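S.K.: Next up is a structure, given as structure tokens.
The values are calculated or read from the model by the stated rules, or taken from the named source; none is laboratory data. Note that the structure is a prediction, hence the values are computed from the model and not measured. Every residue, glycine as well, gets a Cβ built from its backbone with ideal geometry; the counts of neighbours run over all protein chains shown. What goes into the accessible areas is simple: the full protein's heavy atoms, side chains included, and nothing from ligands, DNA or RNA. Shrake-Rupley method; radii C 1.70, N 1.55, O 1.52, S 1.80 Å.
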Amino acid sequence: MKKLHYILLSVFVACLSFSSCGSSSTQKSASNETADETSKDSVSNDSTANEEKVSFTVKDVTFSMVFVKGGTFNMGATPEQGTDAKDDEKPAHSVTLSDYYIGETEVTQALYEAVIGKNPADKVGADLPVVLIEMSDAEFFADKLSELTGRKFRLPTEAEWEFAARGGNKSKGYKYAGSDNLSDVAWFNNDETGINPVKGKAPNELGIYDMSGNVNEYCADDYAPYSKDSQTNPKCVKEDAENTVTRGGNFINPAEECRVSSRGTTRGFVFGSLGFRLVMETK
């Protein structure tokens, strides 16, 4: 795949608590990596932030979290997805979510290095998404950021990710995250460019960038078929899970894989096209 990098992990460890899919149980995994010490004195919260966006600064790197008002939406193969919808996006089903915040962008290399003290990416740039990381690295980063800021950060559930990508309660029913014209909002279908700086395309209805294209993003859920049943704050955690959900498509993918309902998976590999964004809990 030309510039798309695949690195097979020698060991893929998933520390999962058993629960049926659709529950609200929590998944955690440990990292053996030790981060460089980051003083809490180097972390600040934007005191002028309004409820729609909260900003933090870690070692001179500022990032923002966008407020997503809870609501009910139809998840999966909704009509605007048309014939591009795949079987694993069916059936469309009703999901109700509580309030949360989600990253305005993917976690950048600058922020990752400010928190962890190193940058694993092969294509280096402060405003590029961090890539070539395991899911446990992303979870460790979220835990470390939580310690530094006093707020609770974590990976988004698949439902939280899709609701935000669709524009939450401000959704205009687009096929992609912010438009029916994918070129307006996404880097896609080009294996020559590699990853691109965040905020290089237009945001969606909530002011969130790159939820279609650029890099795939880890979600907290194990991969499983959908149920037709209505759900509230679902999270799929399976015993002996083989695959973890990824979302959003990436710079090399065709348009159909960058849709708001398109589902991807990873199975213990890391990629030069796979990164993550975070959710911050409201309390």
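S.K.: Within region 106-129, can you find the residues that are assigned to a loop (DSSP other than H, G, I, E, B) and either open to solvent by 60 Å² or more (accessible area, probe 1.4 Å) or under 17 Å from D60 (Cβ atoms) (or both)?
M.R.: V107, G117, K118, N119, D122, K123, V124, G125, A126, D127
S.K.: Does S227 count as more than 11 Å from the chain's Cα centre (by Cα), in a loop (DSSP other than H, G, I, E, B) and modelled with pLDDT of 95 or more?
M.R.: It is true that S227 is more than 11 Å from the chain's Cα centre (by Cα), in a loop (DSSP other than H, G, I, E, B) and modelled with pLDDT of 95 or more.
S.K.: Something else now. Consider F251 against the criteria (1) farther than 17 Å from D84 by Cβ; (2) of a type outside the set (K, R); (3) open to solvent by 40 Å² or more (accessible area, probe 1.4 Å): it satisfies all of them except one. Which criterion is unmet?
M.R.: Every condition holds for F251 apart from (3).
S.K.: Within region 266-275, identify whether any single residue is without any contact (Cβ under 8 Å) to a residue 60 or more places away in the chain and surrounded by 15 or more Cβ atoms within 10 Å (Cβ to Cβ), and answer yes or no.
M.R.: As a first pass, look at region 266-275 and keep what is without any contact (Cβ under 8 Å) to a residue 60 or more places away in the chain: none.
There is no residue in region 266-275 that is without any contact (Cβ under 8 Å) to a residue 60 or more places away in the chain and surrounded by 15 or more Cβ atoms within 10 Å (Cβ to Cβ).
S.K.: Do you know which of the residues in region 154-179 that are free of Cβ contacts under 8 Å to residues at least 60 places away in the same chain and open to solvent by 50 Å² or more (accessible area, probe 1.4 Å) is nearest to I252 (Cα to Cα)?
M.R.: K172
S.K.: Also, I was wondering about something else. Among the residues of region 88-102, is there at least one that is in contact (Cβ under 8 Å) with a residue 60 or more places away in the chain, of a type in the set (K, R) and in contact with a helix residue (DSSP H, G or I) (Cβ under 9 Å, 6 or more places away or on another chain)?
M.R.: Checked region 88-102: no residue is in contact (Cβ under 8 Å) with a residue 60 or more places away in the chain, of a type in the set (K, R) and in contact with a helix residue (DSSP H, G or I) (Cβ under 9 Å, 6 or more places away or on another chain).
S.K.: Would region 38-59 turn up any residue that is part of a loop (DSSP other than H, G, I, E, B), at pLDDT below 95 and surrounded by 16 or more Cβ atoms within 10 Å (Cβ to Cβ)?
M.R.: Yes, region 38-59 has at least one match.
S.K.: Is it true that K199 is at positive phi, part of a loop (DSSP other than H, G, I, E, B) and surrounded by fewer than 23 Cβ atoms within 10 Å (Cβ to Cβ)?
M.R.: Judged against the criteria, K199 is a match.
S.K.: Among (1) assigned to a loop (DSSP other than H, G, I, E, B); (2) closer than 24 Å to S136 by Cβ, which single condition is N190 missing?
M.R.: That leaves (2) as the condition not met.
S.K.: Follow-up question, since we're still on this one. Do the conditions hold for D210, that is, is it acidic (D, E), assigned to a loop (DSSP other than H, G, I, E, B) and buried (at least 23 other Cβ atoms within 10 Å of the Cβ)?
M.R.: Taking the combined requirement at face value, the residue satisfies it.
S.K.: Could you tell me whether F141 is open to solvent by 20 Å² or more (accessible area, probe 1.4 Å), of a type outside the set (G, A, S) and at pLDDT 95 or above? Give the derivation first.
M.R.: Values: open to solvent by 20 Å² or more (accessible area, probe 1.4 Å): no; of a type outside the set (G, A, S): yes; at pLDDT 95 or above: yes.
No, not satisfied.
S.K.: Just a yes or no: is a residue in region 62-69 within 19 Å of the chain's Cα centre (by Cα), among the polar types (S, T, N, Q) and open to solvent by 50 Å² or more (accessible area, probe 1.4 Å)?
M.R.: yes
S.K.: Can you say whether A14 is modelled with pLDDT under 95, closer than 17 Å to F153 by Cβ and surrounded by fewer than 20 Cβ atoms within 10 Å (Cβ to Cβ), as far as the supplied structure shows? Don't jump to the end; show me each part of the working.
M.R.: Values: modelled with pLDDT under 95: yes; closer than 17 Å to F153 by Cβ: no; surrounded by fewer than 20 Cβ atoms within 10 Å (Cβ to Cβ): yes.
In short, no.
S.K.: Would you mind finding the one in K69, K123 that is within 18 Å of V279 (Cα to Cα), among the basic types (K, R) and modelled with pLDDT of 95 or more?
M.R.: Exactly one of K69, K123 is within 18 Å of V279 (Cα to Cα), among the basic types (K, R) and modelled with pLDDT of 95 or more, namely K69.
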